[in-house]
Structures are given as C-alpha cells and as structure tokens.
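S.K.: Quick one: the structure is below, and I'll ask about it shortly.
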Amino acid sequence: MSDLFESAGLSGDAPRPLADRLRPKTLQAVVGQDHLVGPDGTLSRMLSAKRLSSIILWGPPGVGKTTIARLLAAETDLEFEAISAIFSGVKDLRAAFDRAEARRKMGKGTLLFVDEIHRFNRAQQDGFLPFVESGVVTLVGATTENPSFELNGALLSRCQVMVLKRLEEAGLELLLTRAEASEGRRLPVTKDARQMILQMSDGDGRYLLNLAEQAFAMMGEPGLLSPDDLAKSLSKRAAAYDKDREEHYNLISALHKSVRGSDPDAALYWFARMLEGGEDPLFLARRLIRMASEDIGLADPTALMIAGEAARTYERLGSPEGELALAHCVIHLATAPKSNAAYVAYKAARRAAAETGSLMPPKHILNAPTAMMKDQGYGSGYQYDHDVEGGVSGQDYFPDGLKRPVFYDPKGQGREAPIAEKLKQLAALRKSRRDG
C-alpha cells in the first residue's frame with residue numbers, strides 16, 4: 001500500500017472526490033501554510049538544504065497534512081508509504097519496515113507517512129525508534145492531538161514538530177475558486193450562501209470542498225441556491241471538540257481566563273462553544289464553582305452562592321432549561337469584582353502546615369478538662385474574646401515559636417475593601433496589647 005486513497009479503493013478509474021482531484025501537485029500550491037512551505041518556510045529551507053528529517057505534522061483536520069507528506073516524498077525522491085494508525089497494527093508496521101529495509105538495500109529511501117499517529121500506543125510508538133534512528137525510514141507522522149501529550153518522549157526527541165494552521169477565509173476562498181475552475185462553472189449559490197459554506201467549513205479545507213461538491217450536485221441555475229436551500233441539504237459539521245482530549249482543556253482554560261479577565265461576552269462564547277461541542281453541563285457547573293472561589297473569593301461572597309445554586313438548578317431542570325442558570329452564573333462571575341486573596345491564602349497556609357506540622361497549639365488556647373491538664377498550664381491565661389472590649393482579645397493563636405505569618409491579604413476589591421480595613425485595625429490591636 002503506497003497511498004491512503006489506494007487503500008480506500010480510490011484508484012484507477014474509480015470516481016474521485018473533488019477534494020482528492022484538487023490535491024496540490026506542488027508544495028507551493030498548498031494553501032494556508034506559508035510558514036512551512038512558503039519561500040522562507042521551515043520545510044522549504046529544509047528541502048533547500050537537502051536535509052529532510054523525521055517530522056510530526058500537528059494540526060486540525062483538512063489543512064494539508066497528508067498532502068504535504070506526499071509532496072515531501074516527491075521532492076526528496078523517497079518512496080511514499082502510508083499507513084493509518086486507525087486500521088494498522090504491529091503486523092502492518094513490521095511489514096512496512098521490512099519493505100523499507102528491502103528498498104534501502106536497493107538504494108531507495110522510504111518516507112513512511114503515519115496518519116493519526118497518536119492512536120498508536122506507547123509500545124507501538126517505541127517500535128518506530130530503531131528504524132527512525134538508523135534512517136531506514138524518514139517518518140512523517142500526522143496528528144490532530146497535542147504531540148507532547150500523545151507521543152512518547154523518545155519518539156518526539158527524534159522528530160521535529162511542525163504546526164499547521166486552520167485555514168483562514170482567504171485560503172478557503174482560494175479553494176472554492178479552484179473548485180470552480182475544475183468544474184468549469186461558478187458555484188451555484190448566492191453571495192450569502194457562499195459565505196455560509198465558508199463558515200460551515202470551520203477552517204477545514206477538505207470539508208469545504210466536500211460541501212462545494214454537494215452544492216455543485218444540487219439544482220442551482222438559473223435560481224441560485226440560498227442559505228435556506230443549503231441548510232436543508234447540507235449537514236453542519238460537529239464542533240471541533242473532544243471532551244477528553246486537548247480541545248477540552250483549551251476551551252475550559254479560555255472560559256476560566258475570560259471570567260478572570262471580567263469579559264462576560266468572551267466567557268459566554270466559550271461557555272456556549274463547550275455546550276455546542278457536547279460538554280457535560282455539570283462539568284461546567286463544577287468549574288464555575290471553582291472560579292467563584294479562586295478568582296472572586298470574598299470580593300463578592302454571593303458569587304460562590306450563585307455558582308452553587310446554578311449547579312443545583314441545572315440538576316433539577318436538566319437541559320436546556322437549566323443551562324440558562326449556568327449562563328446567568330457565567331455573567332455574574334465575569335462582572336463580579338475579582339480577588340484571589342482567599343486562594344493565595346489557602347495555598348500559603350497549606351505550605352506552612354506541611355512545613356510545621358509537628359508544632360502544638362499554644363497552651364492558653366487548649367481546653368483543660370482534667371486537673372492534671374490544668375497543672376500543665378492548659379488554658380492558663382486564655383481571654384474569652386466576648387468579654388473583652390471590642391470583642392477581640394488580641395491574643396496569639398499560632399504555635400509558640402512560629403513567627404506570625406500573613407496568609408490572607410485582601411486585594412481591596414468589592415467587599416474585601418472593608419475587610420482589609422478591619423484586618424489593619426486588628427493587627428494594630430494585637431500589636432498594642434502584645435507590646436503593652
């Protein structure tokens with residue numbers, strides 16, 4: 001098998017999809033990846049130096065990973081051999097390496113293209129190492145997942161990771177123009193419907209050409225297809241989102257940082273993106289509770305209550321009614337005053353507790369239920385705060401010998417402003433009573 005399309009039966013006289021017919025014949029014709037294949041691109045410089053190393057092409061679907069691999073083989077006069085990690089196992093890998101070793105003995109090199117390489121497990125990935133290291137194959141792996149998460153370190157250290165970008169509107173429009181040239185006619189759609197196709201493709205060139213092919217097959221002239229016509233016949237692709245992989249963490253990070261940055265519009269956008277991608281709303285509810293504690297804290301104590309109530313509301317109502325309560329919470333958190341003082345104080349207290357975990361409380365704040373404990377000084381000198389003027393005795397409650405730390409330092413935002421003022425007064429009181 002030398003080509004993924006041959007393996008799918010798309011060879012010879014078989015009908016070929018528009019996306020395959022328009023596959024670029026040169027690296028310069030690849031759309032949207034000038035940082036790799038442009039005049040000063042990384043791959044262009046590598047080819048100019050005649051030093052093609054093993055590489056990992058990381059990028060979203062439909063941006064040219066397979067095409068670039070095939071063209072690299074042509075540019076370097078290497079035999080192109082392709083396997084897919086979805087359909088291949090150890091036996092297929094072994095056979096591919098055997099063929100590559102046989103070619104090498106005949107003076108011919110092999111570019112081994114591995115699609116979805118992240119789907120091979122760690123042991124299978126280790127199987128590549130001796131053949132990559134010895135030069136039996138030049139490996140070009142393609143993945144839609146973050147290589148630093150999905151590929152083992154030994155393989156990554158032998159490959160150069162190159163990032164492909166999702167196609168922007170100018171690149172997508174160029175692909176539509178090429179499709180029209182190939183078909184010998186304009187796409188039979190109105191201006192608004194053409195824009196709709198660009199938006200539906202979501203940066204995926206292959207998906208764009210599949211949509212265009214469907215539109216060419218639909219009735220168009222003399223009446224051009226409208227957005228409503230397309231909506232009835234073309235299926236919208238699912239949002240690019242995987243609930244247990246990198247995109248999941250990317251989007252929840254975007255939501256969290258938008259809330260922290262007090263941008264309710266951006267926060268609502270990422271919240272909606274995750275819902276559209278099929279995220280569990282209860283996961284989002286839990287994260288909103290975390291944001292209320294971490295980034296708002298005592299600057300707005302109602303934030304935590306609203307987050308908790310939004311989660312309970314969703315549990316009672318479910319989708320879609322309960323999602324409105326979560327959106328309500330997103331807006332409240334994003335517009336609330338911010339303070340991470342409680343979060344910072346908690347972490348500092350945990351560190352101090354870990355470092356001084358054997359220190360006992362001072363005896364004056366220990367209960368003395370027995371005569372022996374009273375003789376030992378338990379409870380001696382304790383002042384009952386409610387009996388003291390102002391309700392604060394100013395006593396030290398830290399272990400003896402521990403220099404008094406400050407964990408909680410209010411930022412002065414929202415409700416923390418009066419708290420900060422009160423803590424200053426209490427600190428002065430403690431100092432005066434200690435010195436007195």
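The values are calculated or read from the model by the stated rules, or taken from the named source; none is laboratory data. This one's a predicted model, so the numbers in the text were calculated from it and none came from an experiment. Using ideal geometry, Cβ is built from the backbone for each residue, glycine included, and neighbour counts are taken over all protein chains shown. Only protein heavy atoms, including side chains, enter the accessible area calculation; ligands, DNA and RNA are left aside. Shrake-Rupley method; radii C 1.70, N 1.55, O 1.52, S 1.80 Å.
S.K.: Give region 118-154 a look and list any residue that's touching a Leu at 6+ places or on another chain (Cβ under 8 Å) and under 20 Å from Leu43 (Cα atoms), or say none.
M.R.: Val132, Val137, Thr138, Leu139, Val140, Gly141, Ala142, Thr143, Pro147
S.K.: Only one of (1) open to solvent by 50 Å² or more (accessible area, probe 1.4 Å); (2) in contact with a helix residue (DSSP H, G or I) (Cβ under 8 Å, 6 or more places away or on another chain) is not met by Gly414, so which one is it?
M.R.: Condition not satisfied by Gly414: (1).
S.K.: If you take the residues in region 154-171 that are among the hydrophobic types (A, V, I, L, M, F, W, C) and surrounded by fewer than 19 Cβ atoms within 10 Å (Cβ to Cβ), which one is farthest from Pro60 (Cα to Cα)?
M.R.: So the first thing to find is which residues in region 154-171 are among the hydrophobic types (A, V, I, L, M, F, W, C), and the list is 154-156, 159, 161-164, 167, 170.
Retained after the next criterion (residues that are surrounded by fewer than 19 Cβ atoms within 10 Å (Cβ to Cβ)): 154, 156, 161, 163, 170.
Details: Ala154: 24, Leu156: 19, Val161: 14, Val163: 9, Ala170: 17 Å.
The qualifying residue farthest from Pro60 (Cα to Cα) is Ala154.
S.K.: Can you pull out the residues in region 274-300 that are closer than 26 Å to Asp409 by Cβ and under 19 Å from the mean Cα position of the chain (by Cα)? Write out each step before concluding.
M.R.: Looking only at region 274-300, we keep the residues that are closer than 26 Å to Asp409 by Cβ, and these are 287-300.
Of everything in region 274-300, those that are closer than 26 Å to Asp409 by Cβ and under 19 Å from the mean Cα position of the chain (by Cα) turn out to be Arg287, Leu288, Arg290, Met291.
S.K.: Being open to solvent by 40 Å² or more (accessible area, probe 1.4 Å), among the small types (Gly, Ala, Ser) and either touching a Pro at 6+ places or on another chain (Cβ under 7 Å) or modelled with pLDDT under 95 (or both) narrows it down to one of Gly394, Gly357, so name that one. Let's see the steps before the verdict.
M.R.: Details: Gly394 fails: open to solvent by 40 Å² or more (accessible area, probe 1.4 Å).
Within the list Gly394, Gly357, the selection yields Gly357.
S.K.: Run down Ala303, Ala267 and say which single residue is of a type in the set (A, V, I, L, M), over 15 Å from the mean Cα position of the chain (by Cα) and farther than 23 Å from Ile419 by Cα. Spell out how you get there, then give the answer.
M.R.: Details: Ala303 fails: farther than 23 Å from Ile419 by Cα.
On inspection, the qualifying residue turns out to be Ala267.
S.K.: So how many residues does region 179-213 have that are within 27 Å of the chain's Cα centre (by Cα) and either basic (Lys, Arg) or part of a loop (DSSP other than H, G, I, E, B) (or both)?
M.R.: Total satisfying the criteria: 4.
S.K.: I've got another one for you. Considering only region 316-331, state which residues are part of a helix (DSSP H, G or I), touching a residue at least 12 places away in the same chain (Cβ under 8 Å) and more than 17 Å from Ala254 (Cα to Cα). Reasoning before the result, please.
M.R.: Initially, region 316-331 is screened for residues part of a helix (DSSP H, G or I), giving 316-317, 321-331.
Those left that are additionally touching a residue at least 12 places away in the same chain (Cβ under 8 Å): 322-323, 325-331.
Scanning region 316-331 gives Gly322, Glu323, Ala325, His328.
S.K.: Also, quick follow-up: Which residue is nearest to Arg185 (Cα to Cα), if the candidates are limited to region 214-226 and must be at pLDDT 85 or above and open to solvent by less than 40 Å² (accessible area, probe 1.4 Å)? Lay out the reasoning, then the answer.
M.R.: Taking region 214-226 first, the residues at pLDDT 85 or above are 214-217, 224-226.
Narrowing the set further to residues that are open to solvent by less than 40 Å² (accessible area, probe 1.4 Å) leaves 215-216, 225-226.
Numbers: Ala215: 12, Phe216: 9, Leu225: 14, Ser226: 17 Å.
The selected residue is Phe216.
S.K.: Here is a further query. I'm trying to understand the selection: among the residues of region 45-73, which are part of a loop (DSSP other than H, G, I, E, B) and of a type in the set (Val, Ile, Thr)?
M.R.: Residues of region 45-73 that are part of a loop (DSSP other than H, G, I, E, B), as a first pass: 49-54, 59-64.
Listed by number, the list holds a single entry, Val63.
S.K.: Test Arg245 against the criterion of being surrounded by 14 or more Cβ atoms within 10 Å (Cβ to Cβ) and modelled with pLDDT of 90 or more, and give yes or no. Explain how you work it out, then say what you get.
M.R.: On the way: surrounded by 14 or more Cβ atoms within 10 Å (Cβ to Cβ): yes; modelled with pLDDT of 90 or more: no.
No, not satisfied.
S.K.: Another question, then. With respect to Glu321, is the statement that it is of a type outside the set (A, V, I, L, M), modelled with pLDDT of 90 or more and open to solvent by 40 Å² or more (accessible area, probe 1.4 Å) true?
M.R.: On the way: of a type outside the set (A, V, I, L, M): yes; modelled with pLDDT of 90 or more: yes; open to solvent by 40 Å² or more (accessible area, probe 1.4 Å): yes.
Spelling it out, Glu321 is indeed of a type outside the set (A, V, I, L, M), modelled with pLDDT of 90 or more and open to solvent by 40 Å² or more (accessible area, probe 1.4 Å).
S.K.: If you scan region 15-36, which residues turn out to be in contact (Cβ under 8 Å) with a residue 24 or more places away in the chain, outside any loop (DSSP other than H, G, I, E, B) and over 19 Å from Glu173 (Cβ atoms)?
M.R.: The answer is Leu27, His35, Leu36.
Okay, residues lined up against (1) polar (S, T, N, Q); (2) open to solvent by less than 70 Å² (accessible area, probe 1.4 Å); (3) modelled with pLDDT of 85 or more:
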{"site": "Arg350", "(1), (2), (3)": "no, no, yes"}
{"site": "His364", "(1), (2), (3)": "no, yes, no"}
{"site": "Ala371", "(1), (2), (3)": "no, no, no"}
{"site": "Gly379", "(1), (2), (3)": "no, yes, no"}
{"site": "Asp385", "(1), (2), (3)": "no, yes, no"}
{"site": "Tyr408", "(1), (2), (3)": "no, yes, yes"}
{"site": "Pro418", "(1), (2), (3)": "no, no, yes"}
{"site": "Arg434", "(1), (2), (3)": "no, no, no"}
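S.K.: Restricting to region 410-431, count the residues that are of a type in the set (Lys, Arg) and under 17 Å from Asp295 (Cα atoms).
M.R.: Number satisfying all stated conditions: 2.
S.K.: Please find, among Arg16, Arg45, the residue that is over 16 Å from Ala69 (Cα atoms) and either open to solvent by 50 Å² or more (accessible area, probe 1.4 Å) or at pLDDT 90 or above (or both).
M.R.: Details: Arg45 fails: over 16 Å from Ala69 (Cα atoms).
Just one listed residue meets the conditions, Arg16.
S.K.: Next question, about the same structure. Does Ile86 qualify as being touching a residue at least 24 places away in the same chain (Cβ under 8 Å), among the β-branched types (Val, Ile, Thr) and assigned to a loop (DSSP other than H, G, I, E, B)?
M.R.: Working: touching a residue at least 24 places away in the same chain (Cβ under 8 Å): yes; among the β-branched types (Val, Ile, Thr): yes; assigned to a loop (DSSP other than H, G, I, E, B): yes.
Against the criterion (touching a residue at least 24 places away in the same chain (Cβ under 8 Å), among the β-branched types (Val, Ile, Thr) and assigned to a loop (DSSP other than H, G, I, E, B)), Ile86 qualifies.
Okay, residues lined up against (1) under 30 Å from Tyr249 (Cα atoms); (2) in contact with a Lys or Arg (Cβ under 9 Å, 6 or more places away or on another chain); (3) buried (at least 20 other Cβ atoms within 10 Å of the Cβ):
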| site | (1), (2), (3) |
| --- | --- |
| Arg94 | no, no, no |
| Phe97 | no, no, no |
| Asp115 | yes, yes, yes |
| Ala123 | yes, no, no |
| Leu139 | yes, yes, yes |
| Asn146 | yes, yes, no |
| Asn152 | yes, yes, no |
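S.K.: List pairs: first residue in region 171-190 and in contact (Cβ under 8 Å) with a residue 60 or more places away in the chain and of a type in the set (D, E, K, R), second residue open to solvent by less than 70 Å² (accessible area, probe 1.4 Å) and not in a helix (DSSP H, G or I) anywhere in the structure, Cβ distance under 7 angstrom, at least six positions apart or on different chains.
M.R.: Pairs found: Arg178/Leu22.
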